[in-house]
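Read through the structure below, which is laid out as structure tokens, and then see the notes.
The values are calculated or read from the model by the stated rules, or taken from the named source; none is laboratory data. Nothing here was measured: the structure is a model prediction, and the numbers come from that model. When we count neighbours, we look across all protein chains shown, and the Cβ atoms used for this are built from the backbone with ideal geometry, even at glycine.
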Amino acid sequence: MTERTIAATEGVDVTTIDNEVGQKVGAVSPARVATASFVGTAIEWYDFFIFGTAAGLVFGVAFFPNLSPLSGTLAAFATFGVAFFSRPAGAIVFGHFGDRIGRKKLLVLSLLLMGSATVAIGLIPTYDQIGIAAPVLLVVARLVQGFAVGGEWGGAVLMAVEHAPPKRRAFYGSFPQAGVPAGLVLATVAFLIVERLPDDEIMAWGWRVPFLASSALLLVGLYVRLQITESPEFEQIRRNDQVVRRPIVDVLRSHKRPLAVGILTQAASLVPFYLVTVFVLSHGPEELGVARETILMSLLVACVLDIFTVPYVSIVADRMGPRKMLILGSLYMAAIGYPFFWLLSTGEGWAVLVAMILIVTVGHAVTYSAVAAYVSRLFPADVRYTGASVSYQMGGVVFSAPAPFIAVTLWSATHGHWSLAAYLAAACLATVFALMFTKTAKVSY
């Protein structure tokens with residue numbers, strides 16, 4: 001997504017964007033920083049999502065061949081989920097140094113770690129080749145991915161939000177958010193290409209190609225991130241000698257309430273998103289009789305549209321306030337859960353596409369676009385990298401990691417999509433509860 005796309009979205013003349021908010025000649029504009037955040041985030045989440053796609057398609061067979069199909073799928077999802085437990089560690093470590101030495105340096109490091117771990121996954125031998133060492137190495141690489149992405153979100157969001165004018169933080173902060181569906185689009189396209197190979201070639205080497213291709217994307221991401229300047233809010237903190245010595249201690253001691261609000265805010269966007277992108281991909285073909293390619297293509301279309309609906313919805317969020325947008329979006333997502341699973345259950349291609357658009361293109365946009373602006377402003381600038389990162393990543397541990405596993409368990413127990421819809425609605429109402437009863441939370445928006 002380019003600076004011209006950003007300008008066009010807002011109706012701004014592209015010749016004026018580099019002079020925005022009084023930027024000096026030669027300075028990096030908010031639009032350019034947002035573009036860089038979008039590109040880097042898309043690449044990192046491509047790396048993260050291809051693991052989830054591979055877990056649903058091949059990892060059960062490649063790394064857990066001695067288990068039953070169901071147990072192999074659960075084991076593969078478990079390796080997917082372990083990353084969520086290293087993400088908080090990444091949030092704390094990257095947050096610590098991001099609040100002490102700067103946002104930009106840590107963003108470059110997170111990209112290097114993620115890219116290296118992703119390429120390593122593409123090189124791991126299967127269980128048939130090296131036995132138990134194969135799944136062990138897979139878990140280790142996944143933990144490194146989780147650690148890296150633990151520092152990615154906070155840094156990318158803060159670079160965008162802290163460069164932005166006060167009344168447009170939701171808009172500029174939405175571009176790292178749009179990088180998430182963009183990363184998923186890249187991952188989906190990669191596996192759509194791989195799936196055209198014969199099954200034996202997919203299992204032999206085809207699934208490795210999307211992981212190894214990350215090496216080229218890594219170079220692109222590094223180039224883009226090295227072009228941007230440090231956050232002006234952090235530079236002011238450093239000039240004023242206000243750098244906090246132990247940011248995580250300060251967050252846990254003085255900002256417990258904003259931390260809890262930030263964690264609960266993630267439920268309405270993360271649970272539905274991971275149900276769709278991980279559980280449905282493996283569940284649909286077997287249980288609903290929907291061709292995997294139909295699901296992948298529908299998801300691809302919905303995510304491409306989501307890249308653009310996220311920033312458009314964020315413009316509304318800037319006008320009405322991020323909190324109100326998050327409440328309305330969460331209520332919408334809670335209501336759409338049953339229709340979504342009912343449409344999937346029909347097995348019709350058009351119904352699958354409509355379902356994906358309702359929950360990804362619309363639902364994800366209205367629950368995710370304003371998260372960056374809202375959560376980042378829950379914390380003062382001197383501990384913002386730590387506070388925002390830990391909020392988001394702990395939300396991932398609580399809500400994202402268990403989502404595929406819980407969904408498989410619920411379906412196995414009930415064989416009814418009503419239970420999945422109820423689970424989705426409960427997660428969304430947790431976000432509504434947090435936002436409705438925290439009106440006095442201090443948000444410097």
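Quick rundown of the values:
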{"read-out": "Residue match in segment 347-370 (condition: in contact with a Lys or Arg (Cβ under 8 Å, 6 or more places away or on another chain) and of a type in the set (D, E, K, R))", "value": "no"}
{"read-out": "Residue list for segment 226-247, restricted to those being among the aromatic types (Phe, Trp, Tyr) and farther than 21 Å from residue 108 by Cα", "value": "none"}
{"read-out": "Filter result for the condition that a residue is within 18 Å of the chain's Cα centre (by Cα) and either more than 19 Å from residue 223 (Cβ to Cβ) or in a helix (DSSP H, G or I) (or both), over 97, 84", "value": "84"}
{"read-out": "Residue check for residue 251: of a type outside the set (Ser, Thr, Tyr) and in contact with a Leu (Cβ under 7 Å, 6 or more places away or on another chain)", "value": "yes"}
{"read-out": "Matching entry among 381, 403 (being over 26 Å from residue 83 (Cβ atoms) and modelled with pLDDT under 90)", "value": "381"}
{"read-out": "Scan of segment 229-284 for residues that are among the small types (Gly, Ala, Ser) and either assigned to a loop (DSSP other than H, G, I, E, B) or surrounded by fewer than 22 Cβ atoms within 10 Å (Cβ to Cβ) (or both), ordered by number", "value": "231, 254, 260"}
{"read-out": "Residue identified as at pLDDT below 90, buried (at least 17 other Cβ atoms within 10 Å of the Cβ) and of a type outside the set (Gly, Ala, Ser) among 333, 325, 356, 297", "value": "297"}
{"read-out": "For residue 132: the one exception among (1) aliphatic (A, V, I, L, M); (2) more than 24 Å from residue 249 (Cα to Cα); (3) touching a helix residue (DSSP H, G or I) at 6+ places or on another chain (Cβ under 9 Å)", "value": "(3)"}
{"read-out": "Helices (runs of 4 or more DSSP H) lying entirely in segment 100-185 (those with 3 or more residues that are in contact (Cβ under 8 Å) with a residue 40 or more places away in the chain)", "value": "103-123, 133-163"}
{"read-out": "Near pairs, Cβ below 7 angstrom, 6+ apart or cross-chain, from segment 217-230 (over 20 Å from residue 119 (Cβ atoms)) to any residue that is of a type in the set (D, E, K, R)", "value": "228/32; 228/104; 230/103; 230/104"}
{"read-out": "Among (1) modelled with pLDDT of 85 or more; (2) surrounded by 18 or more Cβ atoms within 10 Å (Cβ to Cβ), the one test that residue 209 misses", "value": "(2)"}
